[in-house]
Structure formats: structure tokens, C-alpha cells
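Undergrad: Would you mind keeping the following structure in view while I ask a few things?
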Ligand code: EPZ
């Protein structure tokens, strides 16, 4: 099993190109099932989760080809089976996003229930409630969600009881082929939802209100083919910015959308970073100084993202002062706390959703274990700061969301090696 070996103490410095967004590429690939014509996706990141989604599309019977520039072309003119098996859904929850497109286009779909995962129970009740409102008959049987709408879906008003990214995406895709108008209320406003919406518009969908909490979709009979480039990964971008800040470094990110990073850039400024943004660039300069502790509270976009809570905790671990971190989205997203404390951090947990981080002068290397994707990246940040050489085990978690992380960190001067 691969591990990362990181020797801390070097300031990150230099330029880095940001990859395409995992959390945008996954729903977009699921959305290719809505069209019978070829759809070409560029800038999909080269990640395990993207490979799993491509494998799922292939299992369903879509033709998927990948060219030398890693553009993915999906042709789902017909499918062989309308069943997404447990084996694939259990390895990646985003597989559940094929449900909406399949039932909308083919009138039938069976998708394994994703079940809980390391960071929380993560139910899908809002996805199912919405599909039922659109006229699908939904039963949960033998661990599968079985949805059918033999006469197609019908547009309606759907109010989601909680703000859910995946729920908004599944329902937005389903509504594209429903008869009439669907109004989705209390939608998530994440940039990845806007990106998915723009992709669907490229294929001929009628969608308005993207990026607001009310999205209106006027169904069409069919979507056509098209070409679409996935947006930049704001979580990857934020992770490298936080890593650079924790090491007192200075970096410039290119091919990024600064507008999607608002809450994170503001917190980095409070931590003492000089930030400059261009149209597609973000520069950060810490001038060699130690960060200042900053309180964080996660909330749906445009609030501070849960996907960057762990990384900011690593920064606070070495900051000057004490900070509180409140996690409001997932009930078990503090697994990195124990591992950060193994590196010498001083973090106390107060219940399941609050942590208090007392910044320490220095961290010290220790063997640690990655537990989930973003928790792993917080360990990478801590290891970059710690004295000595830290080994991070189970880095398959990191590979789900960060393209060639060791190469990118080496490019910025980090002493990082992948070992098996
Ligand atoms: C997406 O997960 C992201 N995944 C997650 O990225 C991200 O952490 C999360 O949104 C929140 O921003 C992808 O985009 C592939 P939700 P998703 O539905 O869609 C509850 C990463 O590290 N809920 O917005 O599954 C749920 O349990 C990750 O890249 C219900 O109760 O998240 C959670 O508490 C992991 N019922 C909250 O809502 C539902 O029907 C938000 O979940 C749906 C969700």
C-alpha cells in the first residue's frame, strides 16, 4: 500500500496549475447519460473516483473513450442495463448520481443504496422525495433504490428540507427531461452545481436560477451532444493555498476561479496572508511569518466549505493563538484530530461538532494514518510543517481527490515522496 513520506520545514513556493474539479466532473459524467448523442468532457481530473464513475458508465453500457489528452467521450445512445451495482456505489457515493438521469431518460433505474461512510450517515432521502414528487415510483428493496416512471417524469415544485449538493444535482438532471416546469427550492448553491447546470445547458437543457436557492428547469424531449470543460477544483486550490500559508510560503495558482474561493481567501487573509487575485490566478504570500489562529464554521456555499475544514485545522494547529472550529455539515468529520495530535498538535474535541485548537510553536514528525480524503490532506499540511520525516499511511484516500499530490508539492519545493 502506498505511503507518503514528507520531511517538513520547507516553505512552499512557486507556481501551480490547478486540476479540474472532482466534485464537478463526477455529476457531469453522470449527466452524460441524459443524452443519446456523444458528449465530450475535457479537464476531468485523473483520479480514482473519476475512473470509478467511468467504469460505472461502462458497466451500464455506455461507450466511453479517453484520448491522449485525457478528454473523456461518452456515448450513451443505448444502455445494456439500468442497474448500478453495490460493488461500484459502495466505493463511491457519487455513483448515486446516475439515478436521476437514468429514470428521467429510460423510465427506470435501480441503484444500490450508498449507505453511510466515514464522515457521516449521509442519507439520500431528499433525492428520493424529489424523484417521487416528479412522478417516479420509488421503492427501497434488497439494498437497492428501484425507481420507475414508465410514462416519464412530470415537472413540479420540489422543496428540499435540507441544503444538499447531491440532491440538487440528481433532481436538476432528472428535471431536464421531465414534462413541463420543475422548480427546485432550497437548492445548494455550490459552484459545482452551477458548472453542472452550464454543462446541461450546453446539451440544450433549459435551466435558470443557477447559483441561487431556486432553480427552474423547463423540460425538453431530448438533450443533444456537446463538449464541455470541467471547472477548476476549488478544494484542491484551497488546499495548496492553506499548505503554503502554514509553511510561511508564497505561491501562485493558475487556471483557477478566485470567485469560488471567497470564504477561504478571507480566512487566509485573517490568518495573515497577502492575497492577490487575477481573472484566473490567485497568489498568496505569508512573508515567512507564522499564521494567526482563525475561527472557522462550516456551512453550505457561499459559507466556509466542510471540504476545507480539516486543512484549516492543520493551519490553526501551528498558528499563533487559539481558534474554534465548528463542523455543521457532517457529524463525523473530525477524524484528523487524533492524528494531528500525534504530530504534536493541541486540539480538544467538544462533542462531535466543535474543536478547539491551541496553536503550538512546532509539530514533530510521527507515523500517521489517512482516514478520509480531506482528513488526509490536513495530515499532509501538518507534515509539511513538522520537524522531521512523517510517514502517512493509507494514502489511497488522498488519491481519490488530489491529482499527483507528491509531484505538485515537489514542484513547490516540498520534500515529498511516494513510497510503497
Ligand atoms: C458533496 O457531497 C460532495 N461530494 C462532498 O465532497 C461535500 O463534502 C458535500 O457535498 C458538502 O459540500 C461530491 O460532490 C461528489 P450533501 P454530498 O448532500 O452531495 C445530508 C469531498 O471530500 N443529507 O450536500 O453527498 C448529508 O448527510 C466530499 O470531496 C441528507 O440528510 O453532500 C449531509 O449531512 C466528501 N439527506 C448534508 O445533508 C439527503 O438526501 C450535506 O450533504 C442528502 C444529504
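Undergrad: Between helix 22-31 and the chain, what is the angle of the helix's C-alpha long axis to the longest principal axis, kept within 0 to 90° and rounded to the nearest 10?
TA: 10 degrees
Undergrad: Once both axes come from the Cα atoms, what is the angle between helix 48-60 and the longest principal axis of the chain, in degrees from 0 to 90, rounded to 10?
TA: For 48-60 against the chain, the angle is about 10 degrees.
Undergrad: Based on Cα positions only, what radius of gyration and what Dmax would you give for the stretch 75-116, in angstroms?
TA: Both quantities, over Cα of the stretch 75-116: 10.3, 33 Å.
Undergrad: Right, next: When a footprinting reagent is the concern and you count Cβ atoms within 10 Å, what order do 369, 92 take, fewest first?
TA: Ascending number of Cβ neighbours within 10 Å: 369, 92.
Undergrad: Any idea what log10 I(q)/I(0) is at q = 0.14, 0.19 Å⁻¹ for the stretch 66-217, Debye with uniform C-alpha scatterers and no solvent?
TA: -0.67, -1.23
Undergrad: In nm, to one decimal, how far is the residue 354 label point from the residue 37 one, both placed 7 Å along Cα→Cβ?
TA: Between residue 354 and residue 37, the simple spin-label model gives 5.6 nm.
Undergrad: Sorted by packing (mean other beta-carbon atoms within 10 Å per residue), highest first, where do 237-249, 258-270 land? Each step should come with its number before you reach the end.
TA: Working: 237-249: 27.0, 258-270: 19.0.
In decreasing order of mean packing, 237-249, 258-270 become 237-249, 258-270.
Undergrad: While we're looking at this one, here's another question. How many angstrom separate the Cα center of the stretch 365-420 from the Cα center of the stretch 34-49?
TA: Cα centres, the stretch 365-420 to the stretch 34-49: 28 Å.
Undergrad: If each residue's Cβ is checked for other Cβ atoms within 10 Å, how do 301, 402, 228 rank with the fewest at the top? The partial results should precede the final answer.
TA: Numbers: 301 20, 402 26, 228 23.
The order, fewest Cβ neighbours first, is 301, 228, 402.
Undergrad: What percent antiparallel are the DSSP beta bridges of the chain, to the nearest 5? Before the final figure, lay out each step's value.
TA: Numbers: 55 of 78 bridges.
Looking only at bridges with both residues in the chain, the antiparallel portion is about 70 percent.
Undergrad: Then there's this: On a full-extension model of 0.36 nm per residue, what is the gain between residue 407 and residue 156, subtracting their alpha-carbon distance, rounded to one decimal in nm?
TA: On the way: separation 251, 0.36 × 251 = 90.36 nm, distance 4.83 nm.
Contour length minus the Cα-Cα distance gives 85.5 nm.
Undergrad: While we're looking at this one, here's another question. When 1/r is averaged over all different Cα pairs and the result inverted, which Kirkwood radius in Å belongs to the stretch 146-196? Could the numbers behind the result be given before it?
TA: Working: mean 1/r = 0.0863 Å⁻¹.
Computed over the stretch 146-196, the radius equals 11.6 Å.
Undergrad: For the stretch 172-192, list residues with backbone N below 12 Å from a point placed 7 Å from the Cα of residue 218 toward its Cβ?
TA: 180-182
Undergrad: How many angstrom separate the Cα center of the stretch 180-196 from the Cα center of the stretch 312-341?
TA: When both Cα centres are located, 30 Å separates them.
Undergrad: Across the stretch 325-377, how large is the tail of the calculated P(r) beyond 16 Å, expressed as a percent of all Cα pairs?
TA: 43 percent
Undergrad: Pop a pseudo-label 7 angstrom from the Cα along the beta-carbon direction at both residue 51 and residue 396 and give the gap in nm to one decimal.
TA: Inter-label distance under the simple model: 1.1 nm.
Undergrad: Starting from 0 in steps of 10 Å, tell me what percent of the Cα-Cα pairs of the stretch 271-420 lands in each bin.
TA: Per 10 Å bin, starting at zero, the Cα-Cα P(r) for the stretch 271-420 comes out as 11, 40, 38, 10, 0 percent.
Undergrad: Considering only the stretch 112-195, what is the antiparallel percent among its DSSP beta bridges, to the nearest 5? Walk me through the numbers before you get to the answer.
TA: Details: 7 of 11 bridges.
Looking only at bridges with both residues in the stretch 112-195, the antiparallel portion is about 65 percent.
Undergrad: Rounding to the nearest 10 and keeping the result within 0 to 90°, find how far the Cα-based axis of helix 373-385 lies from the longest principal axis of the chain.
TA: Computed tilt is about 20 degrees.
Undergrad: Then there's this: Which of the peptides 26-38, 56-68, 306-318, 8-20 is most tightly packed, and how do the rest follow, judged by the mean count of other Cβ atoms within 10 Å per residue? Don't skip to the answer; put the middle values down first.
TA: Values: 26-38: 24.8, 56-68: 16.0, 306-318: 27.5, 8-20: 19.0.
Highest-to-lowest ranking by the protection proxy: 306-318, 26-38, 8-20, 56-68.
Undergrad: A further question on this structure: Can you tell me the relative contact order of the stretch 221-282? Whole percent, Cα pairs under 8 Å, sequence separation 6 or more. Intermediate values should be presented prior to the final figure.
TA: On the way: 43 pairs, mean separation 21.6, N = 62.
Contact order relative to length: 35 percent.
Undergrad: Kindly provide the helix-only [θ] at 222 nm of the chain, computed as the sum of -39,500 (n - 2.57) over DSSP H runs of four or more divided by all residues, to the nearest 500 deg cm²/dmol?
TA: On the way: 14 runs with 132 residues, N = 420.
About -9000 deg cm²/dmol.
Undergrad: Can you tell me what share of the DSSP beta bridges in the stretch 240-348 is antiparallel? A percent to the nearest 5 is fine.
TA: Numbers: 9 of 13 bridges.
In the stretch 240-348, approximately 70 percent of DSSP beta bridges are antiparallel ones.
Undergrad: Can you give the Rg/Rh ratio of the chain, where Rg is from the C-alpha atoms and Rh is the Kirkwood radius? Mind showing how you got there, number by number?
TA: Numbers: Rg = 21.4 Å, Rh = 21.8 Å.
Radius of gyration relative to Kirkwood radius: 0.98.
Undergrad: Please rank 364, 408, 40, fewest neighbouring Cβ atoms within 10 Å first, as an exposure proxy. Intermediate results must be reported in sequence, preceding the final value.
TA: On the way: 364 13, 408 22, 40 17.
Neighbour counts put them in this order, fewest first: 364, 40, 408.
None of the figures in this text is laboratory data; all of them are computed from the coordinates on show. Computed from a predicted structure; not experimentally measured. Note that each Cβ is placed from the backbone with ideal geometry, even for glycine, and that neighbours are counted across all protein chains shown.
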